[in-house]
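Input: a single structure, listed below in structure tokens.
The values are calculated or read from the model by the stated rules, or taken from the named source; none is laboratory data. Treat the numbers as computed from the prediction; the structure is a model and nothing was measured. Cβ placement follows ideal geometry from the backbone for every residue including glycine, while neighbour counts extend to all protein chains displayed.
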Amino acid sequence: MQLPRRLATAVLISGASCLLGYILWATRGNWRGYSLLRDASTAEIDIRQVARAEEQCREERGHYAPAGEHCDALTVAVSRVEDDGFRVQIQAGYSTYSVRITPSSNERLISLYTDQTGEIRMGTRSQPATVDSAPLRHR
């Protein structure tokens, strides 16, 4: 009679552990799953943040900052975008710049591109955005 009682206790404990694990997982927001709208919105906010940082660097230095050049605003913006799950590629010259963000993991799908014109163009993980990509449009 001891074995069935121990088995029932083990099943009860493992079931409670699974339930607790699910509750912790769900309360951390992971239950939401993938959302194309949320992904696109995050990507747009992120690329605009990097573009604003480039403009700020230009105001401070008189030129846009290429990747690797120390500019506090750009360093902070790139760090935030990377924390959101994107890679940041920056090309900058004296009077022009371009920024492309691409997914750094499978949790992201959207890729965006912008330059000093302010036009944001959209691509995907498999077809990264370029200057020739379709413009991002809002309804």
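Each row is one residue, and each column tells you yes or no for (1) closer than 17 Å to Ile110 by Cβ; (2) assigned by TED's automatic domain parsing to the domain that holds Ser126; (3) over 21 Å from the mean Cα position of the chain (by Cα); (4) not in a helix (DSSP H, G or I).
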residue	(1), (2), (3), (4)
Thr42	yes, yes, no, no
Ile45	yes, yes, no, no
Ala51	yes, yes, no, no
Cys57	no, yes, yes, no
Pro66	no, yes, no, yes
Arg80	yes, yes, no, no
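With the requirement that a residue be surrounded by fewer than 16 Cβ atoms within 10 Å (Cβ to Cβ) and within 21 Å of Glu119 (Cβ to Cβ), what does the range 64-88 give you?
Hits for the range 64-88 are Pro66, Ala67.
So for the range 121-130 (the condition being out of contact with any Asp or Glu (no Cβ under 6 Å at 6 or more places or on another chain), crowded, with 18+ Cβ neighbours inside 10 Å and touching a residue at least 40 places away in the same chain (Cβ under 8 Å)), does at least one residue qualify?
Scanning the range 121-130 turns up at least one residue that is out of contact with any Asp or Glu (no Cβ under 6 Å at 6 or more places or on another chain), crowded, with 18+ Cβ neighbours inside 10 Å and touching a residue at least 40 places away in the same chain (Cβ under 8 Å).
So, in the range 111-139, how many residues would count as being out of contact with any Lys or Arg (no Cβ under 8 Å at 6 or more places or on another chain) and closer than 19 Å to Leu36 by Cβ?
Qualifying residue count for the region: 9.
Just for strands (runs of 3 or more DSSP E) wholly inside the range 94-139: which have at least 3 residues that are in contact with a helix residue (DSSP H, G or I) (Cβ under 6 Å, 6 or more places away or on another chain) and closer than 27 Å to Arg58 by Cα? Reasoning before the result, please.
On the way: elements: 97-103, 110-115, 121-124.
In the range 94-139, 97-103 are the strands (runs of 3 or more DSSP E) which contain 3 or more residues that are in contact with a helix residue (DSSP H, G or I) (Cβ under 6 Å, 6 or more places away or on another chain) and closer than 27 Å to Arg58 by Cα.
Of all residues in the range 48-63, which are farther than 19 Å from Leu112 by Cβ, out of contact with any helix residue (DSSP H, G or I) (no Cβ under 7 Å at 6 or more places or on another chain) and surrounded by 13 or more Cβ atoms within 10 Å (Cβ to Cβ)? Talk me through it step by step, then tell me what you get.
Restricting attention to the range 48-63, the residues satisfying the condition of being farther than 19 Å from Leu112 by Cβ are 56-63.
From what's left, out of contact with any helix residue (DSSP H, G or I) (no Cβ under 7 Å at 6 or more places or on another chain): 58-63.
Passing the criteria: Arg58, His63.
Could you list all residues from the range 69-88 that are free of Cβ contacts under 8 Å to residues at least 24 places away in the same chain and under 14 Å from Ala53 (Cβ atoms)?
Answer for the range 69-88, where residues must be free of Cβ contacts under 8 Å to residues at least 24 places away in the same chain and under 14 Å from Ala53 (Cβ atoms): Glu69, His70, Cys71, Asp72, Ala73, Thr75, Val76, Ser79, Glu82.
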